[in-house]
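*Asks:* My structure is below; once you've seen it, I'll send some questions.
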Amino acid sequence: MRPSKYDKWVVLACLIIFLYSFFIIGGKPIYESDLKYPNKPLWWGDDGRDEIVAVEWPTSVIIAPLVCIIFFCLWLFEDELRPINRHWVKKGLLNNWSKLKKNVREDVYKWNRFKKQR
């Protein structure tokens, strides 16, 4: 990986999104009357009390802090994330590919020679 100059801006944007979602948008309460129960009998009606069962939060309340932590770590450890020379992978793949082509050509040659002998 390589360090990026935009990491601090991503951290700031994620913090703003999280704070906006958590404090301004907030959670939506889910009442017991909102729940749909399967096989609910007809006489099981509303008893006059409607309690809050759960609170539904926006997805950004979960995702924004995680992204913020990831990019904060990338920003914090930017000196350890220097580019690494990995050309040996490309050279190894090309060498293996050329060996594979050579083996296939030899096998085809041997097969053709075997067929002619029959």
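The values are calculated or read from the model by the stated rules, or taken from the named source; none is laboratory data. No experiment lies behind these values; they were computed from the predicted model shown. Positions of Cβ are generated from backbone atoms using ideal geometry, with glycine treated the same way; all protein chains shown enter the neighbour counts.
*Asks:* Counting only residues that are over 30 Å from residue 18 (Cβ atoms) and not basic (Lys, Arg), how many does segment 50-104 have?
*Replies:* 17
*Asks:* Being among the small types (Gly, Ala, Ser), at pLDDT below 85 and over 29 Å from residue 26 (Cα atoms) narrows it down to one residue among 45, 92; which is it?
*Replies:* Working: 92 fails: at pLDDT below 85.
Within the list 45, 92, the selection yields 45.
*Asks:* Please go through segment 55-81 and give me each residue that is without any contact (Cβ under 8 Å) to a residue 24 or more places away in the chain, under 30 Å from residue 34 (Cβ atoms) and not in a helix (DSSP H, G or I), ordered by number.
*Replies:* Of everything in segment 55-81, just one residue is without any contact (Cβ under 8 Å) to a residue 24 or more places away in the chain, under 30 Å from residue 34 (Cβ atoms) and not in a helix (DSSP H, G or I), namely 59.
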